[in-house]
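Following: one structure in structure tokens, then a few remarks.
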Amino acid sequence: MGKVAIAILCALAAGCSGGTAPQALSADDAAFQQKLQEQFLDAKPGSVIEIPVGRHALDRVLTLRANGVTIRGLGSDKSILSFKNEISGPEGMLVYASDFTIEHLAIEDSKGDGLKVNDGENITIRDVRVEWTGGPKTTNGAYGIYPVKSKNVLIEDSASIGASDAGIYVGQSQNVIVRRNHAEKNVAGIEIENTINADVYENTATGNTGGILVFNMPNLPQPGQATRVFNNKSVDNNLANFAAKGAAVASVPAGSGVVVNSNPKVEIFDNDIAGNHTANLIIASYFSTNYYNTRGVDPKYDPYPRAIFVYGNRFKGGGDSPDGLELKTLKTAMFGINGHFPDVLWDGYVDSKSLVNGLPPPAERICVQNGDAEVLNADGPNKYKNPKVDKASFQCELPKLAAVELPHS
Amino acid sequence: MQRSVGSSQVARACGLVCACALALVACFRTAQPVHFFAEGRPAKLSDWQIVYRDGGTLALNEGVVPYDLNTPLFSDYAHKLRTIWMPRGTSAKYDADGSFDFPVGTIISKTFYYPLAKGAAARDSNAVARTYDQSTDFSDKAQGERGLKLANVRLIETRILVRRAGGWEALPYVWNPAQTEAVLARTGDAKPLELVSDEGSKEPFTYVVPNENQCAGCHVADLKTKQIAPIGTKARHLNREYAYSSGNENQLLHWMKLGYLTGAADPASAPKNADWRDVAQPLDARARAYLDVNCGHCHNAKGPANTTALDLTIFAAPDRYLGVCKPPVAAGRGTGDHFFDIVPGTPQDSILPYRMRSNEPGVMMPEQGRTTTHVEGVALIEQWIFALRGTCDTAT
């Protein structure tokens, strides 16, 4: 009896402390991992580490610290590094290096981020697929492809599927191009955060909670600005938000096509944005995230989206079934059960100290010159009391941002 | 078929004999002087001659000085024998805040071991003791400083940090089952073990020996220089007494006397972290000492976790950068559904203890160096957060 009880307790305890025990690698996989780890340790400028065809099981993060290294597979559907049984990580691959290229391979089922590049310069990520193969789950790793604090970053022809936070997440970086990628079944498909000078184009974001996000978070040394989002398809991003509460993207309503939050100088043009049930485009301040508090947020942090320029996008459908009780109620009250929000949803927070004759200074306005597209001012500061649809107030223009040029692309 | 089985048995028997022969050699070897390798990666720990088998003891070579930290890093309840050695006539320069400036040739070793579990059948079982009691770890009498009593402990790994002309390098060595030698394991290792508490409860876990790059994961505290550096050899960690064979003495004073350290401040005025287990010391000082040594090597203004704006070093002001009411930046699912790193008075709503409690890669903090939960460490941090005042008002 006692023994049985103890066995049950042990089983329960094991369950609580992280689920099933990790499976040991096969002898072949263990040998492969050891050789690959040695290649990562011995890599020097000019080294090319080749990943052969096959699904290779690894149980430990691959860390690279040497500059000038290329990691190359034979295709993102052929050369696969699987971290399903990872015991030590949490990333799949962790890179602290510059002049780094990774291409033609896949990273699957890492416990944490798929590929994280921290503090690098001249980074190329090409035809890399990061995927959590069990579909969207809160227990999936947070970020798929995650360059952070990096400079001159190119992410192209890559994919992220199933990240429990953001699929392609560029944080605190400078000079970034994200193009021709595919983001699906993540909470946020593509997220540009606290980054200066980013071009996001020709990507497809579909089936995420939110398609393409441009955010500024507080307390970080670098506030972001100057992002161009153009020629993308952000379609049917209606996946229920499966991020853990408190995560940066947990506040994104399901059905968001493109979201700008607290970030200045964002230019959104020539995109196909369609079928996103909350709104095709959301422009919001940090106050709408529920994370604002005076003690924990740097008073120097600017929580407002300023200088947002929206034009030439092809909006279609969407706004017909917003996520969350407040937005649902608002939609039904204003547009009826069968109606829909306009294409652009703005939370209505403005920096009242900056207003000139009731409007932000010309250089800081939100300008929507996009054919018939209307803006709903949700009147967030007054708890959605006096929302109104408007178009005329947003007829303005802003200087266009320069294209990002990378020295290595 | 039968023949091949037979030949493999012969090979195994031969292997055993050879291993025994080597073990005997190891057992009865007299110590050579410590060997500083200016380059390369010696295949065996014994090549360095820092610690060596002397009968039933893991002995410390001449000039090899053991040390302890006021509050150590948690490593799955492993006990640690830390040593330092410097070439004759050289010494480290004191620094009040950072690691001392050590001369080329300095060799630091850290041997991770466990006392054997009470009543465990033999050392070949995976059972090791989960205890803070170190009273049976050391050899009884010593020429030089006391080593480890091998009858009472199981050696897991010894990490070498060596200061070469180009900077520090980290080399992990893993002890063999016979406990006669530790061999270089650049790509790390994983060992199934079972922690047995003083009360008899058992917790199986995988002890993970880091690979060389993972060593750098903690020992590169400045992402710009990318230089590996020791963590423990700072004034605030070392400023305490040690039971040397010559008697108890403050470690900073002892190092000064030996000529291993110059310019040290008087211990009474030198920085000193609290002992996290000493309940006679202020709760805040104990918690901050714990966070400093367990988290501060990444969570500092220049470290790999500076992407998070969370500073857990002893120097951080007790505000949002220490996590008070701070929304997480890139915690992902590590939030555990909580909104702020630390909510004063409410540890159960705080991300910090949630991540410390977790054993799941992707959630757990620190990210490496443990696979079990430091129950007593989590309790300390929870107690500390519980005592913090104020609220995180979310009003705009």
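The values are calculated or read from the model by the stated rules, or taken from the named source; none is laboratory data. Predicted model, so just to flag it, every value in this text is computed and none were measured. Neighbour counts run over all protein chains shown; Cβ positions are idealised from the backbone, glycine included.
Only one of the numbered conditions (1) touching a Phe, Trp or Tyr at 6+ places or on another chain (Cβ under 6 Å); (2) basic (Lys, Arg); (3) more than 9 Å from every other protein chain (Cβ to nearest Cβ) is violated by A:ARG55, and that is (1). Note on segment B:373-393: among residues that are crowded, with 19+ Cβ neighbours inside 10 Å and at the interface with another protein chain (Cβ under 8 Å from one of its Cβ atoms), the one that is nearest to B:ARG288 (Cα to Cα) is B:THR373.
Screening A:GLY211 with (1) free of Cβ contacts under 8 Å to residues at least 60 places away in the same chain; (2) away from chain B (no Cβ under 13 Å); (3) buried (at least 24 other Cβ atoms within 10 Å of the Cβ) gives one miss only, at (1). Listed by position, the strands (runs of 3 or more DSSP E) enclosed by segment A:185-257 that each have at least 1 residues that are under 12 Å from the mean Cα position of the chain (by Cα) and under 30 Å from B:ASP311 (Cβ atoms) are A:188-193, A:210-215.
With respect to B:LYS302, determine if the residue is basic (Lys, Arg), within 11 Å of another protein chain (Cβ to nearest Cβ), surrounded by 24 or more Cβ atoms within 10 Å (Cβ to Cβ) and in a loop (DSSP other than H, G, I, E, B). Criteria not met by B:LYS302.
In segment B:212-268, the residue that is modelled with the lowest pLDDT out of those that are assigned to a strand (DSSP E or B) and closer than 17 Å to B:GLY98 by Cα is B:VAL220. Scanning segment B:69-86 for residues that are in contact with a strand residue (DSSP E or B) (Cβ under 9 Å, 6 or more places away or on another chain) and either among the hydrophobic types (A, V, I, L, M, F, W, C) or within 17 Å of B:GLN251 (Cβ to Cβ) (or both) gives B:LEU69, B:PRO72, B:LEU73, B:ALA78, B:LYS80, B:LEU81, B:ARG82, B:THR83, B:ILE84, B:TRP85, B:MET86.
Only one of the numbered conditions (1) buried (at least 24 other Cβ atoms within 10 Å of the Cβ); (2) under 19 Å from A:SER47 (Cα atoms) is violated by A:ALA97, and that is (1). In segment A:132-146, the residues that are at the interface with another protein chain (Cβ under 7 Å from one of its Cβ atoms) form Cβ pairs under 6 Å with partners that are part of a strand (DSSP E or B), at six or more places apart or across chains, as follows: A:TYR143/A:ALA166; A:TYR143/A:TYR169.
Among the residues examined, B:GLN368 qualifies as touching a residue at least 40 places away in the same chain (Cβ under 8 Å) and at the interface with another protein chain (Cβ under 8 Å from one of its Cβ atoms). Residues considered: B:ASN273, B:ASN250, B:ASN239. Of these, the only one that is more than 11 Å from every other protein chain (Cβ to nearest Cβ), farther than 26 Å from B:LYS191 by Cα and either more than 19 Å from the chain's Cα centre (by Cα) or of a type in the set (D, E, K, R) (or both) is B:ASN250. Among the residues of segment A:198-205, not a single one is within 17 Å of A:ILE107 (Cβ to Cβ) and in contact with a strand residue (DSSP E or B) (Cβ under 8 Å, 6 or more places away or on another chain). A single entry from A:ASP298, A:ASP372 fulfils the requirement of being within 14 Å of chain B (Cβ to nearest Cβ), surrounded by fewer than 18 Cβ atoms within 10 Å (Cβ to Cβ) and out of contact with any strand residue (DSSP E or B) (no Cβ under 8 Å at 6 or more places or on another chain): A:ASP298.
Within segment A:152-161, the presence of a residue that is farther than 17 Å from A:ILE190 by Cβ and surrounded by fewer than 22 Cβ atoms within 10 Å (Cβ to Cβ) is excluded. Of the candidates A:ASN140, A:ASN118, A:ASN181, the single residue that is buried (at least 21 other Cβ atoms within 10 Å of the Cβ) and in contact with a Leu (Cβ under 8 Å, 6 or more places away or on another chain) is A:ASN118. Give me the residue from segment B:248-299 that is among the small types (Gly, Ala, Ser) and in contact with a Lys or Arg (Cβ under 7 Å, 6 or more places away or on another chain) and, out of that set, nearest to B:LEU380 (Cα to Cα). Within segment B:248-299, the match that is nearest to B:LEU380 (Cα to Cα) is B:ALA274.
Every residue, every condition in (1) in contact (Cβ under 8 Å) with a residue 12 or more places away in the chain; (2) basic (Lys, Arg); (3) surrounded by fewer than 24 Cβ atoms within 10 Å (Cβ to Cβ); (4) within 13 Å of chain B (Cβ to nearest Cβ), yes or no:
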site	(1), (2), (3), (4)
A:PHE230	yes, no, yes, no
A:VAL235	yes, no, yes, no
A:LEU239	yes, no, yes, no
A:SER251	yes, no, yes, yes
A:ASP270	yes, no, yes, no
A:GLY275	yes, no, yes, no
A:LEU281	yes, no, no, no
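Residues of segment B:320-365 that are on the phi < 0 side of the Ramachandran plot, at the interface with chain A (Cβ under 8 Å from one of its Cβ atoms) and part of a helix (DSSP H, G or I): B:ARG320, B:TYR321, B:ARG333, B:GLY334, B:THR335, B:ILE351. Is it the case that some residue within segment B:148-162 is out of contact with any helix residue (DSSP H, G or I) (no Cβ under 8 Å at 6 or more places or on another chain), within 13 Å of chain A (Cβ to nearest Cβ), surrounded by fewer than 21 Cβ atoms within 10 Å (Cβ to Cβ) and without any contact (Cβ under 8 Å) to a residue 60 or more places away in the chain? For segment B:148-162, residues out of contact with any helix residue (DSSP H, G or I) (no Cβ under 8 Å at 6 or more places or on another chain), within 13 Å of chain A (Cβ to nearest Cβ), surrounded by fewer than 21 Cβ atoms within 10 Å (Cβ to Cβ) and without any contact (Cβ under 8 Å) to a residue 60 or more places away in the chain: absent.
Flag: B:TYR173 does not match the condition of being crowded, with 22+ Cβ neighbours inside 10 Å, hydroxyl-bearing (Ser, Thr, Tyr) and under 23 Å from B:HIS374 (Cα atoms).
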